[in-house]
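The values are calculated or read from the model by the stated rules, or taken from the named source; none is laboratory data. The shown structure was predicted, so the numbers you read here are calculated from the model rather than taken from an experiment. Positions of Cβ are backbone-derived with ideal geometry, glycine not excepted, and every protein chain shown enters the neighbour counts.
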Amino acid sequence: MAEANLATAAAGYATQVWAVADAELRKLRHDPWELATRAIQPILWLTLFGQVMAHVRGINTGSVGYLDFLAPGILAQSVLFVAIFYGISVIWERDLGVLHRYMVSPAPRSALVIGKAMSSGVRGLSQALVIYLCALAMHVELSPHPADALLAALFVCVSAALFATFSLVVATIVRTRERFMGIGQVLTMPIFFASNAIYPIELMPKWLQAVAFANPLSYAVDGLRTVMLRTSPSTFGLVHDLVVLIAATVVLVAIATRMYPRMTQ
């Protein structure tokens, strides 16, 4: 009886999470141009920045070419840029009165947060598809194994969920669209440049290396670079990368769940 009740509760919780995620994905289906416009920036990074920096001999990327080295970093960057502004949707929902309906629903607050994080993962996968196609067109030596593509999808989803949840936490603090946009822009550049996305950590000064080791994006990039290329050994270890990302996501979900009701006050 206890096991049946637990299974029923788990199924109900999963249904509530999916309902929130589906509501977010419906917005995406009604505005597919959002994905198209967001795909422009990573393509420009690969085609312009990557082509130029590939001729800079001072960046030692080991056994892989610079474009190969860069492609997973740009994928992680794209996921970061899409997810970090996700919290603005919560501010819109509050202003439109949608958030108040969520708050009076029987769904647990954690289900609301996880549902939004899941939908961010789907957006991240759409970016991954664009970057994979672009990388193939530029002759980046991607791993041909389907298992590696699935692992890359896993890293994309977890990373997107992490930064989207972080964005929700920021939204509960700033509460206005103008402040959120300003803070989002301030946060994205340090997170991106203080990581191994566009250059190896070994090239950084010691103080910046310490920041990079504490930066979750570094572990997302390391995991993606390992599974996408397979010619680039992991710096931290794939299991370690995934554990760090999942642990950070769990902590942020707990914080966001506690702070989410503040949006209606």
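A few points about this structure:
- In this entry, Ala197 passes the filter for residues that are in contact with a Gly (Cβ under 7 Å, 6 or more places away or on another chain) and closer than 28 Å to Ala147 by Cβ.
- Pairs where the first residue, in segment 161-190, is modelled with pLDDT under 85 and the second is acidic (Asp, Glu) and surrounded by fewer than 18 Cβ atoms within 10 Å (Cβ to Cβ), C-beta under 9 Å, 6+ apart: Arg177/Asp95
- Residue in segment 173-187 that is among the aliphatic types (A, V, I, L, M), touching a Phe, Trp or Tyr at 6+ places or on another chain (Cβ under 7 Å) and in a helix (DSSP H, G or I) present: yes
- Note on segment 9-48: residues that are at pLDDT below 70 and either more than 29 Å from Cys134 (Cβ to Cβ) or touching a Pro at 6+ places or on another chain (Cβ under 9 Å) (or both) total 1.
- Enumeration of residues in segment 234-250 that are surrounded by 14 or more Cβ atoms within 10 Å (Cβ to Cβ) and either under 15 Å from Asn215 (Cβ atoms) or modelled with pLDDT under 95 (or both): Ser234, Thr235, Phe236, Gly237, Leu238, His240, Asp241, Val244, Leu245, Ala248, Thr249
- The one condition in (1) part of a helix (DSSP H, G or I); (2) surrounded by fewer than 18 Cβ atoms within 10 Å (Cβ to Cβ); (3) at pLDDT below 80 that Pro106 fails to fulfil: (1)
- Between Ala220, Ala197, the distinction of being outside any helix (DSSP H, G or I), crowded, with 23+ Cβ neighbours inside 10 Å and hydrophobic (A, V, I, L, M, F, W, C) belongs to Ala197 only.
- Single match in Phe81, Phe85 (criterion: of a type outside the set (Gly, Ala, Ser), modelled with pLDDT of 85 or more and crowded, with 18+ Cβ neighbours inside 10 Å): Phe81
- Per-region count, segment 200-217, residues part of a helix (DSSP H, G or I) and either within 30 Å of Asp95 (Cα to Cα) or among the aliphatic types (A, V, I, L, M) (or both): 8
- Scanning segment 109-155 for residues that are polar (S, T, N, Q) and crowded, with 22+ Cβ neighbours inside 10 Å returns Ser119, Ser120, Gln127.
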